[in-house]
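Encoded as structure tokens, here's the structure I'll be asking about.
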Amino acid sequence: MKKLLSVLLTLAMVLTMTAGAFAASLEGTYQITIWVAEEVKDLTAKQIEDFNATNEYGITIVANIEAVSEADAATSMITDVEAGADIFCFAQDQFARLVQAGALSSLGKQAAEIVRTSNDAGVVAAATSGDTLYAYPLTSDNGYFLYYDKSVIPDEDVDSLEAIIADCEKAQKYFAFEMGTSAWYNASFFFATGCVSEWKTDDDGTFISVHDTFNSPAGLIAVKGMKKLVDSPFHLSSSDGASFASNAAAVVTGIWAYTTIEGILGDNMGVTDLPSFEVDGVSYHLGSYNGCKLMGVKPQTDPIKGAAIHRLAQYLTGEKCQMERFEARAWGPSNLAAQASPAVQANPGLVALYTQNAYSVPQGQIHGSWWDIAKVISDDVKNATDDAGLQQALDNYYDKISSLFNLDTSALLFVGAWNGWNNADESDTYYFKDGSLTLDVPASDYMGGRIVNPGSWDTDKGFAQVTVGADLIKDLGADNPDNNIVFIEAGNYTVTIDGDAISIVKN
Amino acid sequence: MKQLTDLEYLKLSKWKRLLHRLGSFFASIPHGIVNGLISLGRGIKKAAVGLRDDVTDIFATFREGDWSAKASFLVMGTGNIAHGQWLRGLLFLLFEVVFIVYMITGGIYWLSMLPSLGKQGPTLEYDPIYDIDVVTYHDNSFKILLYGVLTIFFIVALIYTWRVNIRQNKLIAQIKRSGKKLKSGKDDLRSLVDDQFHKTLLALPLTGILLFTVLPIFFMILVAFTNYSGTNNGYTNNLFTWVGLDNFNTLLSWKAVGGQSYAATFGEVLAWTLIWAFFATFTNYFLGMMVAMLINKKGIKLKKLWRTVLVMTIAVPQFISLLYVSKMFAKNGLINNFLMSMGWITKALPFWEDPTWARITVILINIWIGIPYLMLITTGILMNIPQDLYESSRIDGANAWQQYFKITLPYMLFVTGPYLLTSFTGNMNNFNVIYLLTGGAPTNTAASSAAGSVGYTDLLITWLFKITTGAEAQYYMASVIGIMVFVVVALISLVVYRCLPSIKNEEDFQ
């Protein structure tokens, strides 16, 4: 026994020593390529020098810094990952594509822990697929708000969409709000009425399900509001801050246009959160997306180099570097400590953004095709002549969303604990193909589920419709607002739908 | 279709002649197909006979050859070396050695993977010491497809060289029998700059074409039969595989999935592409010719100035002027703002917002860009038309229109016919104008999400671009559409080429 113990102890000692030896060997010089936006290229060079001078691991980075915009980086990476940069920056809507293409290496456990605790929750979600963190948050300012020309739109009108449109029409000037060419902006109306489009990815970045309520009564209210805007002859579908120079009086865009617009309007520039629109006497405050930019590290074949590059990326997205970027270029930080600093709190653009954030939706992961599908809603809305036409626009949208998962919408689907609540399930097992279904309920804390139309989360039939076998399921009363069916014990059941009635038989 | 004699044909009016030509073209199609099949059969028979003769010849060489001839079946070049033709022999040998080394070091792997396009994608492994995921790359479908094709090319080249090597032995035997002297290495080298000089000159270009044109085209065509896309990029993520004709099925399927069917979208884009190509070609052609004639007219002053002014539009790089014009016609652009400030319109004209407006606007702007080129081309040709034709026609009492339709236009069509054809096919693939002016907008809201965000002014070529760079990066669909563009262009070129006066009546203006 003693002998065994001593052997184990020696082994443990050797292991610790080798581990220690390895950890020290991060020291060295590494040649890497970095893609950053043109405007922070010089700043990044300086930050890397700072890193070389101050890092505790003895890492020296020799970086080849290239100017590649956040919009182009993802496409370039996907085209040829091997030839891509070791560190690159991108807008979060590209995230899932990059994970799917294997262009991002996941963060280590310690690094992930630091990123999770020091950044705001929205950006952490944006950099996460499944349970894995794949990128470092760089900014948290990818949202939009209203810039307006004070000489055309009086301050008391900026809270009402209708008033802004009226002012613009009166002055024969444009209200620029990008619609037909960008879902990122036109979703604003849907978020105003509480619609959601939430997508779920697994650890590999593959989309597994969607919860989308654009095609709903609330969605219909949203498109009615949208119609007011797109029907105005003085609506301009653009998010270009320079529009103020060509006859616009109000532009909905983001913090990046701040200096441009300030240069055009000077003292006449007004900045505020988005307005509200009114349908059937109820007022809805326009929502927005609240997104971010991320910094990613390409998967490396050499673990030592990989670890060194991760250390650099971690440094470049830390509080100090984010503050430097804010001071130089007014990039809104994602780091919580940086966000709280007085300088950030005093920037009027960021204040408007943070005010609008109260109505915003974290962007999360969204299927790449969604942007193409959702952007055309506003074209359909513009062409619609009545409410039926508006509904048609939503139906058109819903059809396309459903087709993304090859959903068979001819049968109902029983989602729940047994299939991981996957409402886009492609296996045949949980569909009511001929009105009935054999179900294996595994033992778990919550052995429940609901019967839905594939791709949707709204319960089509549930507890209230069970006529046979009510003794096999739990009656949760008020604890069951979604009308779920919760089995009392695990086992094999046959569930049959006949008209509106459900019968459950234990096998 | 009645076969007309020359006299009967010449009696017909211009339009009837054209109709006759078109008619006889289509009437000749069935006959052509039958003829084609017959000659195909003949070709196959000829190839089979050739192959049989070849094989017999090879066996005969083996039977009748000496030891060195027999040995060169296995070790290429032995025959040549044994008879003192060192240079030839060593070249054969070198080729064989290179081939064997290539096959062992990589060729066999590429070839064996070609049917599956790879078995294992990359793997990630967590390294606890460095707290990082380390990637190991395995098979790469993209490289397998590329090098697989290259390996096949190489094997074909080897078989050909091997055959040449056998024939050499027969040749040696023949020359020896006739008592002549064999060519030495020195003779060979000398002939390369003498009677074989064409081979020396063509060696480099031919290799270049093979590697940089033929191989990529072959590769791209093969992509249409795989599922190579952003999510199956064959390397860092999922491998891609062969899918047979699935992609062509998708393109031609009328089943509507999430919006319009793919076939309907394809049909719409194709129709607009043809309409665009027609108008872009002929509006430019006739208006350009008109401008050239106007400037050429006697009595017009400052001819050089007018020409210079028009040519100025060529001096500015096209993509700059296109981007600028695109902004000018925007809803809040110069033109709308000007019209509105003058009080002529109360709301902006939908140049880029409305499908019909957008289509007409791109055609009109294209006229503005294209006229100067056509003016330049036609000015020279117009000056070349013999003036005595006009003089004699004037004496005969022809008016300006008659002169134009009887003299100018036939002459122009004769000379510029091939140009018209290339410009038509060029316009079908006119990426610049469409992409820079509208980017395909306005979007076709009915099209399915799988078809990318295709718009009403998208040509096949800009649609292809959108599919490749869009959310899903469907390289396979882009390849399929590329093949379809080729089919359409080839068909049109073939039909039109046959009807061109410059091909049909070659002697008319000589």
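Rundown of residues vs (1) aromatic (Phe, Trp, Tyr); (2) more than 24 Å from the chain's Cα centre (by Cα), yes/no style:
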{"residue": "B:435", "(1), (2)": "yes, no"}
{"residue": "B:440", "(1), (2)": "no, no"}
{"residue": "B:444", "(1), (2)": "no, yes"}
{"residue": "B:484", "(1), (2)": "no, no"}
{"residue": "B:488", "(1), (2)": "no, no"}
{"residue": "B:492", "(1), (2)": "no, no"}
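Can you find a residue in segment B:244-258 that is within 14 Å of another protein chain (Cβ to nearest Cβ) and at pLDDT 90 or above?
No; the residues of segment B:244-258 include none that is within 14 Å of another protein chain (Cβ to nearest Cβ) and at pLDDT 90 or above.
With the structure loaded, tell me whether residue A:381 is among the aliphatic types (A, V, I, L, M), in a helix (DSSP H, G or I) and within 14 Å of chain B (Cβ to nearest Cβ) or whether it fails that test.
Taking the combined requirement at face value, the residue satisfies it.
Moving to a separate point now. Would you be able to say whether some residue in segment B:419-439 is within 14 Å of another protein chain (Cβ to nearest Cβ) and not hydrophobic (A, V, I, L, M, F, W, C)?
Yes, because at least one residue in segment B:419-439 is within 14 Å of another protein chain (Cβ to nearest Cβ) and not hydrophobic (A, V, I, L, M, F, W, C).
From the list A:276, A:288, exactly one residue is surrounded by fewer than 21 Cβ atoms within 10 Å (Cβ to Cβ), touching a residue at least 24 places away in the same chain (Cβ under 8 Å) and either touching a Cys at 6+ places or on another chain (Cβ under 6 Å) or more than 13 Å from chain B (Cβ to nearest Cβ) (or both). Which is it? First the steps, then the outcome.
Values: A:288 fails: surrounded by fewer than 21 Cβ atoms within 10 Å (Cβ to Cβ).
That would be A:276, the only listed residue that is surrounded by fewer than 21 Cβ atoms within 10 Å (Cβ to Cβ), touching a residue at least 24 places away in the same chain (Cβ under 8 Å) and either touching a Cys at 6+ places or on another chain (Cβ under 6 Å) or more than 13 Å from chain B (Cβ to nearest Cβ) (or both).
Out of B:457, B:462, I need the residue that is part of a helix (DSSP H, G or I) and in contact (Cβ under 8 Å) with a residue 24 or more places away in the chain. Which one? Steps first, answer last, please.
Values: B:457 fails: part of a helix (DSSP H, G or I).
Every option except B:462 fails the conditions.
When only residues in segment A:23-42 that are within 14 Å of chain B (Cβ to nearest Cβ) and aliphatic (A, V, I, L, M) count, which is surrounded by the fewest Cβ atoms within 10 Å (Cβ to Cβ)?
Top of the filtered list is A:24.
While we're looking at this one, here's another question. Can you tell which of B:300, B:367 is farther than 30 Å from residue A:235 by Cβ, of a type outside the set (Lys, Arg), in the same structural domain as residue B:414 (by TED's automatic domain parsing) and not in a helix (DSSP H, G or I)?
One residue alone meets the criteria, B:300.
If you don't mind, there's one more thing I want to ask. Looking at B:118, B:32, which one is among the small types (Gly, Ala, Ser), surrounded by 16 or more Cβ atoms within 10 Å (Cβ to Cβ), within 40 Å of the chain's Cα centre (by Cα) and modelled with pLDDT under 90?
Answer to the check: B:118.
In segment B:121-147, how many residues are more than 28 Å from the chain's Cα centre (by Cα), surrounded by 16 or more Cβ atoms within 10 Å (Cβ to Cβ) and closer than 18 Å to residue B:232 by Cβ?
Residues that pass the stated criteria total 6.
When residue A:258 is evaluated against the numbered criteria (1) within 25 Å of residue A:37 (Cβ to Cβ); (2) at pLDDT below 90; (3) surrounded by 22 or more Cβ atoms within 10 Å (Cβ to Cβ); (4) not acidic (Asp, Glu), which criterion, by number, is the only one it fails?
Condition (3) is where residue A:258 drops out.
What number of residues within segment B:404-453 satisfy the criterion of being polar (S, T, N, Q), within 30 Å of residue A:368 (Cα to Cα) and assigned to a helix (DSSP H, G or I)?
Adding up the residues that qualify gives 2.
Among what's in segment A:53-76 and is more than 22 Å from residue B:134 (Cβ to Cβ) and of a type in the set (Gly, Ala, Ser), pick the residue that is farthest from the other protein chains (Cβ to nearest Cβ).
Within segment A:53-76, the match that is farthest from the other protein chains (Cβ to nearest Cβ) is A:53.
Yes/no matrix, rows are residues, columns are (1) closer than 30 Å to residue A:114 by Cα; (2) of a type outside the set (Ser, Thr, Tyr); (3) part of a helix (DSSP H, G or I):
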{"position": "B:110", "(1), (2), (3)": "no, yes, yes"}
{"position": "B:135", "(1), (2), (3)": "yes, yes, no"}
{"position": "B:160", "(1), (2), (3)": "no, no, yes"}
{"position": "B:165", "(1), (2), (3)": "no, yes, yes"}
{"position": "B:168", "(1), (2), (3)": "no, yes, yes"}
{"position": "B:177", "(1), (2), (3)": "no, yes, yes"}
{"position": "B:183", "(1), (2), (3)": "no, yes, no"}
{"position": "B:203", "(1), (2), (3)": "no, yes, yes"}
{"position": "B:206", "(1), (2), (3)": "no, yes, yes"}
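Can residue A:79 be described as within 18 Å of residue A:368 (Cα to Cα), over 20 Å from the mean Cα position of the chain (by Cα), at the interface with another protein chain (Cβ under 9 Å from one of its Cβ atoms) and surrounded by fewer than 24 Cβ atoms within 10 Å (Cβ to Cβ)?
It is true that residue A:79 is within 18 Å of residue A:368 (Cα to Cα), over 20 Å from the mean Cα position of the chain (by Cα), at the interface with another protein chain (Cβ under 9 Å from one of its Cβ atoms) and surrounded by fewer than 24 Cβ atoms within 10 Å (Cβ to Cβ).
Hey, another quick one. Does any residue of segment A:213-225 turn out to be farther than 30 Å from residue A:422 by Cα, assigned to a helix (DSSP H, G or I), in contact (Cβ under 8 Å) with a residue 24 or more places away in the chain and in the same structural domain as residue A:377 (by TED's automatic domain parsing)?
yes
Would a scan of segment B:347-357 turn up a residue that is part of a loop (DSSP other than H, G, I, E, B) and away from chain A (no Cβ under 12 Å)?
Checked segment B:347-357: at least one residue is part of a loop (DSSP other than H, G, I, E, B) and away from chain A (no Cβ under 12 Å).
Do we find a residue being assigned to a helix (DSSP H, G or I), charged (D, E, K, R) and under 17 Å from the mean Cα position of the chain (by Cα) anywhere in segment A:113-127?
Yes; the residues of segment A:113-127 include at least one that is assigned to a helix (DSSP H, G or I), charged (D, E, K, R) and under 17 Å from the mean Cα position of the chain (by Cα).
Another one. Starting from segment A:232-261, keep only residues that are over 20 Å from residue B:341 (Cα atoms) and more than 10 Å from chain B (Cβ to nearest Cβ), then list their pairs with residues that are of a type in the set (Asp, Glu) and surrounded by 22 or more Cβ atoms within 10 Å (Cβ to Cβ) whose Cβ atoms are within a distance under 9 Å, requiring at least 6 positions of separation or different chains.
Here the result reads A:239/A:178; A:252/A:178; A:253/A:178; A:254/A:141; A:255/A:141; A:256/A:141, each pair linking segment A:232-261 to a residue that is of a type in the set (Asp, Glu) and surrounded by 22 or more Cβ atoms within 10 Å (Cβ to Cβ).
Can you name every residue in segment A:129-160 that is without any contact (Cβ under 8 Å) to a residue 40 or more places away in the chain and either crowded, with 24+ Cβ neighbours inside 10 Å or not aliphatic (A, V, I, L, M) (or both)?
Correct list: A:154, A:156, A:157.
Give the residues of segment A:105-128 that are in contact (Cβ under 8 Å) with a residue 40 or more places away in the chain and at the interface with another protein chain (Cβ under 10 Å from one of its Cβ atoms), sorted by residue number.
Of everything in segment A:105-128, those that are in contact (Cβ under 8 Å) with a residue 40 or more places away in the chain and at the interface with another protein chain (Cβ under 10 Å from one of its Cβ atoms) turn out to be A:105, A:107, A:108, A:111.
Right, here's the next one. Could you tell me whether residue A:205 is at pLDDT below 90, buried (at least 18 other Cβ atoms within 10 Å of the Cβ), away from chain B (no Cβ under 14 Å) and touching a helix residue (DSSP H, G or I) at 6+ places or on another chain (Cβ under 7 Å)?
Working: at pLDDT below 90: yes; buried (at least 18 other Cβ atoms within 10 Å of the Cβ): yes; away from chain B (no Cβ under 14 Å): no; touching a helix residue (DSSP H, G or I) at 6+ places or on another chain (Cβ under 7 Å): yes.
Considered against the rule, which asks whether it is at pLDDT below 90, buried (at least 18 other Cβ atoms within 10 Å of the Cβ), away from chain B (no Cβ under 14 Å) and touching a helix residue (DSSP H, G or I) at 6+ places or on another chain (Cβ under 7 Å), residue A:205 comes out as no.
Count, please, the residues in segment B:332-342 that happen to be assigned to a loop (DSSP other than H, G, I, E, B) and within 14 Å of residue A:169 (Cα to Cα).
1
I've got another one for you. Which residue pairs have Cβ atoms under 7 Å apart, sit 6 or more places apart or on different chains, and have a first residue in segment A:374-395 that is surrounded by 15 or more Cβ atoms within 10 Å (Cβ to Cβ) and a second that is among the aliphatic types (A, V, I, L, M) and outside any helix (DSSP H, G or I)?
A:378/A:179; A:390/A:384; A:392/A:384; A:393/A:384
Within segment A:244-251, is there a residue that is surrounded by fewer than 22 Cβ atoms within 10 Å (Cβ to Cβ) and either in the same structural domain as residue A:76 (by TED's automatic domain parsing) or out of contact with any Phe, Trp or Tyr (no Cβ under 6 Å at 6 or more places or on another chain) (or both)?
yes
Tally time: how many residues in segment A:350-377 are outside any helix (DSSP H, G or I), of a type in the set (A, V, I, L, M, F, W, C) and more than 8 Å from every other protein chain (Cβ to nearest Cβ)?
Selection size over segment A:350-377: 2.
The values are calculated or read from the model by the stated rules, or taken from the named source; none is laboratory data. Nothing here was measured: the structure is a model prediction, and the numbers come from that model. Cβ sites come from the backbone with ideal geometry, for glycine too, and all protein chains shown count toward neighbours.
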